[in-house]
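Worksheet: one structure, shown below.
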Amino acid sequence: MLKFRLLKYLRIVVSLFVLAGFLAGFSSLAVWCGEAAKGEFLPSFLRALTRFSIVSLVLFAVVAASALLAGRFYCSFCCPLGVMQDIFARLGRLVSFNRFRYKLQPNLKRTRCLVLLIAVLLALGGWIVPLGLLDPYSLFGRNAAGVGQALFIEGNNSLYGRVDSVVPLEPRPEVPLLPAALAGGLLLAVLGAAAYRGRIFCNTLCPVGAVLGLLARRAFFPLGLDPDKCMRCGQCVKVCKAGCIDVRNRRLDTERCGACMNCGAVCRFGAIRFGRRPEKEVPPEEPKQEVDRGRRAFLAAAGISAALALPAGRLIRHSASSGKAAGGVPPVMPPGAGSRDEFLRRCTGCGLCIANCTGHTLKPAFLEYGLAGMGQPVLSFEVGKCEFECRNCSNLCPTGALKKLTADEKHHCRIGEVRYYRERCVVVTDGTSCGACAEHCPTGALQMVPYRDHLTIPQVVEELCIGCGCCQYICPVSGAEGKAVMVHGVAEQTRAADPHRVLEKTETEQPETEEFPF
């Protein structure tokens, strides 16, 4: 009993530390905390596949091995959404909302496996959004980077002027309503279910819980119930958030057990222990049925899902080619995304890059990528720009959807291409001098050339443009049609030319004139 109490307190300390670290990482207070996301179950698996990362493969193997060794310790110790469920479950008990309501729940194994199968097949077909919504880390991140960070900034700024140590924070781009409502509604449902009856989500819809449960079912040293010591007092059932303890038959379902240690901490007879059920114990016989209709229904549903999910995923993925941002402009992906097709297949939309964007220009997509990319990061140059020296998004991406870039690769990564609309420029419409776009361009892709009346207008050097959006963000033009310089996204990111060579060649070809500003 003492051993389990110590393990329970250790679990509480570690899980709260994990939750605090992720909250700090998603609030951009401690960017380094975001590195821990690469050790989460699904992100580490995807990163190991997409970027062939040995570190991610080792982290994934450690989590899988821990489940195969002793059960689902990951769910109680390392999952931020699991910690939030535990907190709400505790709050529910404190307000008597679910006092003494924990009881044995049916093992919905077929439901878990069917949800896992559909989500994986859709992801393989190219639509990863459902898997990203059900993945506990990504669901936590979508809300922490969206509504959560917006509330944090508002709360911080409301204290500015009242508390001396508070520094005002710049507001982030507006979160699209539909993706925020979808992720927020699902999170509220998960937390509400936890407050009512524990970890219902973990043993019903969570794909990570389904995979770890299959491994934990064959664990070598799982938590178990000793039938010789169990007195059927039912104290363990009252604190089991997974609803996996069958006192009548003296059994503990390791497939659903989240290893929270609550049962061992309250058992006065030492019936909870690590290790397999004794071989001499014969489980009670179940009534025989001539036809297992439930199994037939599951196999039929699995077959239909396999036949429809892959084509549906591919069909939805192809809708990304029709996605447009505001004003009909193709969307701009974060640096390191590579091709749009691969980016949409790999990004779960956790929002870690959005939360830590120093230019405040990343936001969750609505239909910019089509239905296939709802909630995934897209750049919006109306509220910021992609900072030339910043590499937070590519460095922090836990799934490998964004390739980690060096400083030189970031400086030459072409994430978009600028278009100059001469008829909108204030030099042409108002006859006033400007040049703000060329002044703020970090690569020299915009050069000022003579216009008339001693005025100059921008000229685009296409091979130098990296699509960082500095020009669009600073352009003073406002109107329904858009700004005079607009950055259009590219289907595949490439490397821009070296500014020194291109500009030297341009200067030698440029005829001398008194009106040229340089």
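The values are calculated or read from the model by the stated rules, or taken from the named source; none is laboratory data. Because the structure is predicted, anything quoted here is derived from the model rather than measured. Methodologically, a virtual Cβ is constructed for each residue, glycine included, from the backbone with ideal geometry; neighbour enumeration extends over all protein chains shown. Note: accessible area is taken over every heavy atom of the protein model, side chains too, but ligands, DNA and RNA are not part of it. Shrake-Rupley method; radii C 1.70, N 1.55, O 1.52, S 1.80 Å.
Would you point out which residue out of Ala365, Ala407, Ala372 is touching a Phe, Trp or Tyr at 6+ places or on another chain (Cβ under 8 Å) and hydrophobic (A, V, I, L, M, F, W, C)? Before you say what the answer is, go through the steps one by one.
Working: Ala365 fails: touching a Phe, Trp or Tyr at 6+ places or on another chain (Cβ under 8 Å); Ala407 fails: touching a Phe, Trp or Tyr at 6+ places or on another chain (Cβ under 8 Å).
Just one listed residue meets the conditions, Ala372.
If Thr399 passes every condition in (1) within 30 Å of Arg51 (Cβ to Cβ); (2) outside any loop (DSSP other than H, G, I, E, B) but one, which one does it miss?
(2)
Limited to the stretch 347-384, what total is found for residues that are surrounded by fewer than 22 Cβ atoms within 10 Å (Cβ to Cβ) and either in a strand (DSSP E or B) or among the charged types (D, E, K, R) (or both)?
Going through the stretch 347-384 one residue at a time, the tally reaches 1.
Of the conditions (1) of a type outside the set (Phe, Trp, Tyr); (2) open to solvent by less than 20 Å² (accessible area, probe 1.4 Å); (3) modelled with pLDDT of 90 or more; (4) in contact with a Lys or Arg (Cβ under 9 Å, 6 or more places away or on another chain), Gly92 satisfies every one except a single condition; which number is it?
Failed condition: (3).
Yes/no matrix, rows are residues, columns are (1) outside any helix (DSSP H, G or I); (2) open to solvent by less than 10 Å² (accessible area, probe 1.4 Å); (3) farther than 30 Å from Phe45 by Cα:
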{"site": "Leu187", "(1), (2), (3)": "no, no, no"}
{"site": "Phe220", "(1), (2), (3)": "yes, no, no"}
{"site": "Val237", "(1), (2), (3)": "no, no, yes"}
{"site": "Gly264", "(1), (2), (3)": "no, yes, yes"}
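Among the numbered criteria (1) outside any helix (DSSP H, G or I); (2) surrounded by fewer than 17 Cβ atoms within 10 Å (Cβ to Cβ), which one does Val58 miss?
The number of the failed condition is (1).
Of all residues in the stretch 330-346 being under 15 Å from Leu46 (Cα atoms) and surrounded by 24 or more Cβ atoms within 10 Å (Cβ to Cβ), which is modelled with the lowest pLDDT?
Residues of the stretch 330-346 that are under 15 Å from Leu46 (Cα atoms), as a first pass: 337, 342-346.
Filter again for surrounded by 24 or more Cβ atoms within 10 Å (Cβ to Cβ), leaving 337, 344.
On the way: Ala337: 94, Leu344: 90.
Once the filter is applied, the top-ranked residue is Leu344.
Looking only at the stretch 440-497, which residues are outside any loop (DSSP other than H, G, I, E, B) and aromatic (Phe, Trp, Tyr)? Full working, then the answer.
So in the stretch 440-497, the residues outside any loop (DSSP other than H, G, I, E, B) come out as 440, 446-450, 456-460, 462-464, 470-474, 485-495.
The one that is outside any loop (DSSP other than H, G, I, E, B) and aromatic (Phe, Trp, Tyr): Tyr473.
Could you give every pair whose Cβ atoms fall below 6 Å, whose first residue belongs to the stretch 427-455 and is more than 12 Å from Pro476 (Cα to Cα) and free of Cβ contacts under 8 Å to residues at least 12 places away in the same chain, and whose second residue is open to solvent by 60 Å² or more (accessible area, probe 1.4 Å) and assigned to a helix (DSSP H, G or I), counting only separations of at least 6 or pairs across chains?
From the stretch 427-455, no pairs qualify.
When you check Gln85 against the structure, is it outside any helix (DSSP H, G or I), on the phi < 0 side of the Ramachandran plot and among the polar types (S, T, N, Q), yes or no?
Details: outside any helix (DSSP H, G or I): no; on the phi < 0 side of the Ramachandran plot: yes; among the polar types (S, T, N, Q): yes.
When the stated conditions are applied, Gln85 does not pass them.
What residue, among those in the stretch 140-155 that are in contact with a Lys or Arg (Cβ under 8 Å, 6 or more places away or on another chain) and open to solvent by less than 20 Å² (accessible area, probe 1.4 Å), is farthest from Gly82 (Cα to Cα)? Outline the logic, then answer.
Our first condition is that a residue be in contact with a Lys or Arg (Cβ under 8 Å, 6 or more places away or on another chain); within the stretch 140-155, this holds for 149-150, 153.
Now drop any that are not open to solvent by less than 20 Å² (accessible area, probe 1.4 Å), which leaves 149, 153.
Numbers: Gln149: 20, Ile153: 25 Å.
Among those residues, the one meeting the criterion is Ile153.
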